[in-house]
Amino acid sequence: MARSTRRLGGAGYRAGRARTAVRGARRVWPYVLMALERWQSLSPEDKERYKKQARGYMNRGRQAMDTQRRRRPRP
């Protein structure tokens, strides 16, 4: 079986990943700006409500991770 001449590491690999990251950032940037404008236009009460909801999601996820860690047997 012949070996591939393609190198997986090195500067070329990082440049490709950077190019992909830049392309992704350019694509998502308009959505980020729209979300920021929407957030800034919310009332302080609505902002606090969203923050409370996000904290609840964070705690729920943290509890799920802790439960998974306890269930997993250690080798």
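The values are calculated or read from the model by the stated rules, or taken from the named source; none is laboratory data. It should be emphasised that the depicted structure is a prediction, and the values quoted were computed from it without experimental measurement. Glycine gets a Cβ as well: all are built from the backbone with ideal geometry, and neighbour counts include every protein chain shown.
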Which residue, of 35, 21, is out of contact with any Phe, Trp or Tyr (no Cβ under 6 Å at 6 or more places or on another chain) and either exposed (fewer than 10 other Cβ atoms within 10 Å of the Cβ) or at pLDDT below 95 (or both)? 21
Surrounded by 10 or more Cβ atoms within 10 Å (Cβ to Cβ), of a type outside the set (D, E, K, R) and modelled with pLDDT of 95 or more - does that describe any residue in the range 5-16? no
For the range 41-51, how many residues are surrounded by 10 or more Cβ atoms within 10 Å (Cβ to Cβ) and part of a helix (DSSP H, G or I)? 6
